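> Would you mind keeping the following structure in view while I ask a few things?
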6 protein chains.
Amino acid sequence: MSKNKKLALYPGTFDPITNGHLDVIQRAVNLFDRVIVAITTNSSKAPLFSVNERLEMIENASNGLDNVEVESFQGLLMDYAVKKNATAIIRGLRAVSDFEYEFQMALVNRKLANGIATVFLMPHEKYTYLNSTIVREVAKFDGDVSSFVTEYVQDKLKSKFN
Amino acid sequence: MSKNKKLALYPGTFDPITNGHLDVIQRAVNLFDRVIVAITTNSSKAPLFSVNERLEMIENASNGLDNVEVESFQGLLMDYAVKKNATAIIRGLRAVSDFEYEFQMALVNRKLANGIATVFLMPHEKYTYLNSTIVREVAKFDGDVSSFVTEYVQDKLKSKFN
Amino acid sequence: MSKNKKLALYPGTFDPITNGHLDVIQRAVNLFDRVIVAITTNSSKAPLFSVNERLEMIENASNGLDNVEVESFQGLLMDYAVKKNATAIIRGLRAVSDFEYEFQMALVNRKLANGIATVFLMPHEKYTYLNSTIVREVAKFDGDVSSFVTEYVQDKLKSKFN
Amino acid sequence: MSKNKKLALYPGTFDPITNGHLDVIQRAVNLFDRVIVAITTNSSKAPLFSVNERLEMIENASNGLDNVEVESFQGLLMDYAVKKNATAIIRGLRAVSDFEYEFQMALVNRKLANGIATVFLMPHEKYTYLNSTIVREVAKFDGDVSSFVTEYVQDKLKSKFN
Amino acid sequence: MSKNKKLALYPGTFDPITNGHLDVIQRAVNLFDRVIVAITTNSSKAPLFSVNERLEMIENASNGLDNVEVESFQGLLMDYAVKKNATAIIRGLRAVSDFEYEFQMALVNRKLANGIATVFLMPHEKYTYLNSTIVREVAKFDGDVSSFVTEYVQDKLKSKFN
Amino acid sequence: MSKNKKLALYPGTFDPITNGHLDVIQRAVNLFDRVIVAITTNSSKAPLFSVNERLEMIENASNGLDNVEVESFQGLLMDYAVKKNATAIIRGLRAVSDFEYEFQMALVNRKLANGIATVFLMPHEKYTYLNSTIVREVAKFDGDVSSFVTEYVQDKLKSKFN
């Protein structure tokens, strides 16, 4: 890979990946030469899906997309980003409450690695309401999540809650 | 009851019911033929009061109001709302931070049961600051909650923290 | 009309009516016995369309809906609401910036006529971004507004800007 | 220029360009192959500086930056973006109030030209407070704007207000 | 007056002074040795009341309060604050929309005169909704403003709109 | 100390104290005769540092500042404030998300002790992003926190995480 190729990281918990995440990934692919979907593994909360399950679901969902890779990482995002020689961090912005937290993280991350910009993208407005927490909550009570996640993820959710 | 009668659900944790909740209930009674105050029982957080205690406090507080019933439910709100043949879900809006979460839930709920509208009402501005968490926190340290909850709830809080 | 019938007013400038407004009207019709779309005529800003043109466009757009009427009014909304014996004022809420202004107006209106509640409804998320100002701006430069307003309004916008 | 080169537009009024704008431009240059700073000329408000003066100030300020061009445009941003074959629209985000308006515009722009993404970047936190309106206001009363704009712009402001 | 006495400025348009403003002034008096209510005269909008009328209404309203003075000023607030040897600028915060603008101004003002802090106070929650624009709007259509402003201001509003 | 001396409390968890907290303390010292930094000990979350460690770090950091004391307290803030005969409670405001919570607490605190005002101050914009949670998170993964906290606190963080 030439050193001019631009790599963006899209970090997140992805527990599980939603159609809103996928929409952001599709946008990112148009803007950068390579996109790595990067699963954070140091959340304080116990995830529903293991890192391997999450990785598998993202790979399945992003299957048709060129130049998308999936990885997991430990430790500080910016240490990982520097190691990967990333140009940018991608974050989805949906709502004001996202905005402040994301802003704060972006400012800290700039402090930690000034050369790597945080780039905010908007998912389609039909995904404004969507996050992984809501998907888990609806699936837990056997609600219909077919417009929120891929068929593959639907199956995984069903297995998990039965 | 004729099928044209309009039923609204007012769901919440009500741990315990506050004067702000009561203000919303009084408003809802003017707008709908029947109002069911619906206690959610699947919160991940351990409540201070049992479902029965919460039910009793709401019944006591809403005693003088016509056409108000109190129930508890399990599972997805929208499954319960469909079963009850509800026309609307009532939610109180006090602050911007309420707003985004409520919005998100309303959009998901519309997805799950499109015919049932979420209707937002505002409690009186003197209850802007009020929520059950703050009531519990103040009562825990024996602070004065007489302008936040009914006398009956005050007594229950005192018993709980002694 | 019996005195138990519930009337809601949906006030606004409607310059012009958008698909987002229509979505709110459709929701309101399910909740109330009658809905009056009420055009405010005392805006400080010069509107693009005259009151009669706006009235005509709303009537055309809400043609298939039962129990919807269109009127214009002058002076304070709450004086008009009291005169019409309204039970509620309907407002659409799309975003945090809407929220604070609407809240402030609702609190003042409650002060002016305590018995009439302001009821907030959410348009479909596909109309989150939509308001009359943006429609006028896009139409002015001959952009495509077909997913924002009815065909009838599209024609009126074209005539206005040619 | 090969068709794979990625062009981003950075539209705005730039009346005048501030150090916050410059910070965004420097970030954008790292992300895209070419950046066009695009002056909008159809604002309803009368600007302090003419389009030519604004263009000159931006050219002076972005002088040392490779691959940055300055242009002005009329009509809809997305018509101009399509004509230029742009990959992305750049917008700076500083505060929640920015956020909602920018979000709304990004959603409308996506509707008008789906293939062109809006990319949000954050200026350095030391420019959080900064916008052109405040610069004009401070300069008008002969306040010190040396930490807000370049020396060249300071001189232009002084000439304008004397 | 000894040089240790602490002076706070409370700047604003006060067109007219409301009960919310008065509530902030009463709070400020407890915190500082002297408070100057400072009428800004360089608003771009044409005020309803002249500077003298506004000054007279504030003096009448703050009559019983010790250590409160009323003045008007031209030019930059911070130049005026430095000249008066002020320790602090007082601003009332009621809502999120206030917050961002006020924050921005506070940051710019700190840049212009670092030693003078902006101090934010909250009016009573019963004034959350209240501002001068709403008072003028309600009074213009002969609505009841008796819970928003003093009797003296009510009379002035009546004279102005007849 | 004369009874006219004005005392402000600056309550918080300070787990650990950051440069943003220090900036607020420095501002507060200019406004009040005495400032007590007051460590709350009834947080539901387990802190990283003990009350004594936090007290020691604050004393070290505020060493050069006149009239600053450090204490810890249990129970309701307002009971403690009344006991200390405080004139004001100091809170730092950085972002909209701070704002709503702080507002709510300030309204409740006013209810509990009406004579004691909550005074909001802004830390320098370079600390906009900064809070103790982020400091702990970055330090945990051995990231560089030298621009966030004092050298003394850096050492304590290092000991804690090794």
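> Take the Cα gyration tensor of chain F, multiply each eigenvalue by 5, square-root it, and list the three semi-axes largest first, rounded to whole angstrom.
Working through the eigenvalues yields semi-axes of 26, 17, 15 Å.
> Just list whichever of D:LYS45/E:LYS84; C:LYS160/D:LYS111; D:LYS140/E:LYS84; B:LYS84/B:LYS111 have alpha carbons separated by over 25 Å in the model shown.
D:LYS45/E:LYS84, as the Cα separations exceed 25 Å there.
> Could you pull the copy-to-copy label distances for A:VAL51, with points set 7 Å along Cα to Cβ, in nm to one decimal and sorted shortest first?
3.9, 3.9, 5.5, 6.8, 6.8
> Roughly to the nearest percent, how much of the accessible area of chain B is carbon and sulfur, given a 1.4 Å probe?
Roughly 43 percent, rounded to a whole number.
> While we're looking at this one, here's another question. Using the crude model of +1 on Lys and Arg Cβ and -1 on Asp and Glu Cβ, and no other charge, please compute the dipole size for chain F relative to its Cα centre, in debye to 20.
That gives a dipole near 560 debye.
> Taking a label point 7 Å from Cα toward Cβ, how far is D:SER147 from its twins in the other copies, in nm, shortest first?
1.5, 4.1, 4.5, 4.5, 5.0
> Moving on to the next point. Given a cut-off of under 8 Å on Cα pairs at least six residues apart, what relative contact order in percent is computed for segment D:26-162?
Result for segment D:26-162 is 21 percent.
> So if I take the centroid of the Cα atoms in segment E:50-66 and the same for segment A:6-61, what is the distance between those two points in Å?
One Cα centre to the other: 61 Å.
> Given a 1.4 Å probe and heavy atoms of the protein chains only, how would you sort A:SER72, B:SER159, largest accessible area at the top?
Ranked list, largest accessible area first: B:SER159, A:SER72.
> To continue, here is another question. For segment F:40-162, what does the accessible surface come to per residue with a 1.4 Å probe? Please give it in Å².
Normalised by residue count, the accessible surface of segment F:40-162 is 46 Å².
> Could you tell me the center-to-center distance, by alpha carbons, between segment D:123-159 and segment E:88-162 in angstrom?
27 Å
> Quantify how strongly other chains surround peptide A:127-135 by giving the mean number of their Cβ atoms within 10 Å of each of its Cβ atoms.
4
> Further question: From the label point of C:ASN67, set 7 Å from Cα along Cα→Cβ, how far away are the matching label points in the other copies, in nm, ordered shortest to longest?
In nanometres, ordered from closest: 1.3, 5.5, 6.1, 6.1, 6.6.
> List the residues, sorted by chain then number, that are 5 or more residues from F:ILE36 or on another chain and whose placed amide H is less than 5 Å from its amide H.
The list, which skips near neighbours in sequence, is F:ALA8, F:LEU9, F:TYR10, F:GLU69.
> Taking trypsin sites (Lys or Arg not before Pro) that fall in a DSSP loop and have at most 11 other Cβ atoms within 10 Å as cut points, what is the longest piece of chain B between them?
The longest such stretch corresponds to B:46-162.
> Additional query: With r as the distance between the Cβ atoms of E:PHE161 and E:ASN85 and R0 = 45 Å, compute the FRET efficiency 1/(1 + (r/R0)^6) and round to 0.05.
0.65
> Taking N as the number of residues in the protein assembly as shown, what value does Rg over Cα atoms divided by 2.2 N^0.38 Å take?
Cα Rg divided by the expected 2.2 N^0.38 Å: 0.95.
The values are calculated or read from the model by the stated rules, or taken from the named source; none is laboratory data. All values reported here derive from a predicted model rather than from experimental measurement. Cβ: placed from backbone, ideal geometry, glycine included. Neighbour counts: every protein chain shown. Calculation scope for accessible area: heavy atoms of the full protein, side chains included, ligands and nucleic acids excluded. Shrake-Rupley method; radii C 1.70, N 1.55, O 1.52, S 1.80 Å.
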